[in-house]
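Read through the structure below, which is laid out as structure tokens, and then see the notes.
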Amino acid sequence: MTTRRRLAESYRTMAQLRRFFESVRRTITTEPTDGGLTSAQQFALLTLAGNSSKDPLTIGDLARLTFASMNTTSALIRRMERAGLVRTTRSATDRRFVHVRLTRTGERRLRPSTAAVVEALRRAADEQGRTQLRAAFDTWFDNWGAVIKALSSGRPRPRRRR
């Protein structure tokens with residue numbers, strides 16, 4: 001019985017977190033940003049600006065970190081370079097790699113855009129209820145191991161023959 005209650009609580013928590021993330025995703029991807037950036041440009045510039053490594057990111061790194069294909073990321077970087085938001089250089093050690101750096105113009109355009117995203121996150125948190133969200137995150141992170149175990153321990157259903 002305890003497992004059923006835990007599972008029900010986990011399902012409620014997951015649904016609440018999914019609603020929050022979906023609300024944030026929709027807000028970020030549908031509202032125009034103050035910096036005049038598309039959501040893809042904003043995500044790429046945020047990723048570049050938040051790079052903690054001393055080495056610049058490659059187009060491949062950026063594609064992986066933004067969940068986009070190499071072709072999509074390459075085209076995005078070309079457009080952003082023409083707009084003066086980023087600068088690209090070929091790797092001196094391996095010419096196959098193209099490094100991407102944020103320019104001052106890119107940083108200036110990113111600031112108001114980031115402020116819009118922060119405001120969207122705040123609104124989404126307010127809609128869901130900050131206290132409830134905090135509790136949902138705490139519940140999820142405190143119990144994720146037990147939840148995975150409980151969800152994966154169910155007996156597999158036999159396959160139906162056609």
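Numbers for the structure displayed
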quantity	calculated
The stretch 128-144: number of residues that are charged (D, E, K, R) and surrounded by 13 or more Cβ atoms within 10 Å (Cβ to Cβ)	0
Extreme residue, modelled with the highest pLDDT, among residues of the stretch 109-156 that are acidic (Asp, Glu) and farther than 16 Å from residue 13 by Cβ	126
The one condition in (1) part of a helix (DSSP H, G or I); (2) modelled with pLDDT under 85; (3) in contact with a helix residue (DSSP H, G or I) (Cβ under 9 Å, 6 or more places away or on another chain) that residue 18 fails to fulfil	(3)
Residue 58 surrounded by 13 or more Cβ atoms within 10 Å (Cβ to Cβ) and in contact with a helix residue (DSSP H, G or I) (Cβ under 8 Å, 6 or more places away or on another chain)	no
Every residue from the stretch 33-89 that is among the aliphatic types (A, V, I, L, M) and touching a His at 6+ places or on another chain (Cβ under 6 Å)	none
Check on residue 106, farther than 30 Å from residue 134 by Cβ, in a helix (DSSP H, G or I) and either small (Gly, Ala, Ser) or modelled with pLDDT under 90 (or both)	yes
Enumeration of residues in the stretch 62-98 that are under 14 Å from residue 46 (Cβ atoms) and touching a strand residue (DSSP E or B) at 6+ places or on another chain (Cβ under 8 Å)	62, 65, 80, 85, 86
Residue within the stretch 112-129 that is among the basic types (Lys, Arg), within 19 Å of the chain's Cα centre (by Cα) and either farther than 18 Å from residue 49 by Cα or assigned to a loop (DSSP other than H, G, I, E, B) (or both) present	yes
Residue ID - modelled with the highest pLDDT, chosen from residues in the stretch 29-41 that are in a helix (DSSP H, G or I) and either under 16 Å from residue 109 (Cα atoms) or charged (D, E, K, R) (or both)	41
Flag if residue 81 is acidic (Asp, Glu) and modelled with pLDDT of 95 or more	yes
Residue match in the stretch 42-57 (condition: assigned to a helix (DSSP H, G or I) and over 24 Å from residue 22 (Cβ atoms))	yes
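The values are calculated or read from the model by the stated rules, or taken from the named source; none is laboratory data. Predicted, not measured: the structure shown is a model, and the values here were computed from it. Glycine gets a Cβ as well: all are built from the backbone with ideal geometry, and neighbour counts include every protein chain shown.
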